[in-house]
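Notes to accompany the following structure.
The values are calculated or read from the model by the stated rules, or taken from the named source; none is laboratory data. Predicted, not measured: the structure shown is a model, and the values here were computed from it. With ideal geometry, Cβ positions are generated from the backbone for all residues, glycine too; neighbour counts draw on all protein chains shown.
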Amino acid sequence: MENSKMSLAKKMAIALILGIVVGIGAILLRVKLVEGGNPETWNTINNLLFADITAEGNEKAIGLFYIIGQLFVKAMQVIIIPMVFTSIVIAMIRISDAKKLGRIASKTIGYFLLTTVIAILIASVCGMLSYNAGLFKSVETGLEAATGKSASNPLLILINAVPNNFVSALSNNGGVLAIVVCAVAVGLGINSKPEKFEQISKLCSEISELVTVILSFIVNKFAPVAIFCLLTRTCAAYGVSYLKPALSYIVLTTVLLLLFLFVFYPLFVSVTTKCNPITFAKKIAKVALFGFSTSSSAATLPMNMETAKVELGVSDEIASFVLPLGMTINMDGTALMQVVATIFIAGVAGYSVNFTQIVLIGLLAVIASVGTPAAPGAGAVILFTILSGVGFTNEIALSVYALILAINRPIEMLVTALNVTGDTACAMAVAKSEDGLDEKAFNAESGEYGEEIIKSSI
């Protein structure tokens, strides 16, 4: 029976369209006012609606859209650590068979690497075709360089994966991999003596259920409004002028990301699970939209978890293991963007790019994407690691890198949508191989997000 209420996916799609339309209207208004000699009027509007109130000089700004968007993102982020920790602990408890755990882990890593390598190969081929065609030429920026953190050695992820303080690890949203490691250790410990640690196991289950109910309420009630505010502000804050200087990079990256999102992943799901790719695309759409709006894989994880389990039929134990791990190390969109950006910077800066360098760029992209924090803008910052690794560091290269930092926000939004969708596609593939995919749930009509869970909790 068709749901009388409008589905969350439709609400989010409407919010997306309205956000883009209103955002474009804000761009046109901005251009008209600034070029018409009324920049003060635009500054007033910007301070009232769009300004980042944390930025220097905006101490008196109101930034209504910014506040609404940030409140929602923070509300999603606050449950990341308890959700990731309890989900993996529960998954480890349920997967008591060590051989099964090993199979799931190896298949997960295998599918992650497969999709990432395919993304890098496609990006490399298309990037080099554009490079050889002379599309990556010198650009006039006309923009202030955005500032970013200096990139560090990506191998530090191996050291940081093991925290030196359990409590501090639980308080750091940027160190999710450390939480994964701690959760695996706790889960294995409980499995060794389940009767002795029964209360801990019960506590994790109850926390997980509580997080799910809270999450369902937040998403169902506030997600569309938040998406509208986030998208409108993004358009108004950045404007067309930020996109013009590197149009070839933007167009190529956007086209590749969209093809990967709408063509590759549905085909991947179809091949690995024999499930209808169109059904997958429809059900994962709201997750991709949410990732696009927030530009944060971490903030999208809670919605992704429940969509995978409730609507796509992925078993709880597999979803709880694969998706948090995927959020941490599986960054197909990030790797694709970084390869295209590196080749673009090389072309603009006058470097020749050969096959050996392409291979090196691909390897560095795999490592760098694994080490990319699941936070807005992190991918462009980590890009410096690849540039340093291949030696593309002359003055022009660094200037173009600064340009990408300035303009990359819209690309990062699409990258996040790709990253979260890739995690879910791999989770479905693993679930199918382990007989943990409920095809009846997958083929069922989507209801209101979290409705089943809320009902079961009452």
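General remarks:
- Count of the stretch 88-116 residues, restricted to those that are assigned to a helix (DSSP H, G or I) and either aliphatic (A, V, I, L, M) or within 19 Å of the chain's Cα centre (by Cα) (or both), is 18.
- Residues satisfying the stated conditions in the stretch 251-267, i.e. crowded, with 23+ Cβ neighbours inside 10 Å and more than 23 Å from PHE344 (Cβ to Cβ): TYR265
- Residue selected from the stretch 307-330 under the condition more than 16 Å from the chain's Cα centre (by Cα) and either under 18 Å from LEU210 (Cα atoms) or free of Cβ contacts under 8 Å to residues at least 24 places away in the same chain (or both), by the criterion surrounded by the fewest Cβ atoms within 10 Å (Cβ to Cβ): ASP316
For (1) within 27 Å of GLN70 (Cα to Cα); (2) in contact with a strand residue (DSSP E or B) (Cβ under 6 Å, 6 or more places away or on another chain); (3) part of a helix (DSSP H, G or I), each residue gets a yes or a no:
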site: CYS229; (1), (2), (3): yes, no, yes
site: LEU257; (1), (2), (3): yes, no, yes
site: LEU261; (1), (2), (3): yes, no, yes
site: PHE268; (1), (2), (3): no, no, yes
site: THR272; (1), (2), (3): no, no, yes
site: THR300; (1), (2), (3): yes, no, yes
site: ALA308; (1), (2), (3): yes, yes, yes
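- Criterion violated by LYS74 - all others in (1) crowded, with 20+ Cβ neighbours inside 10 Å; (2) more than 30 Å from ASP435 (Cα to Cα) satisfied: (1)
- Apart from one condition, THR356 fits all of (1) among the hydroxyl-bearing types (Ser, Thr, Tyr); (2) surrounded by fewer than 24 Cβ atoms within 10 Å (Cβ to Cβ); (3) at pLDDT 85 or above; the exception is (3).
- Whichever residue in the stretch 420-444 is touching a helix residue (DSSP H, G or I) at 6+ places or on another chain (Cβ under 7 Å) and acidic (Asp, Glu) and, among such residues, is farthest from THR294 (Cα to Cα): GLU434
- Some residue of the stretch 291-303 being under 21 Å from the mean Cα position of the chain (by Cα), more than 21 Å from LYS11 (Cα to Cα) and of a type outside the set (Gly, Ala, Ser): no
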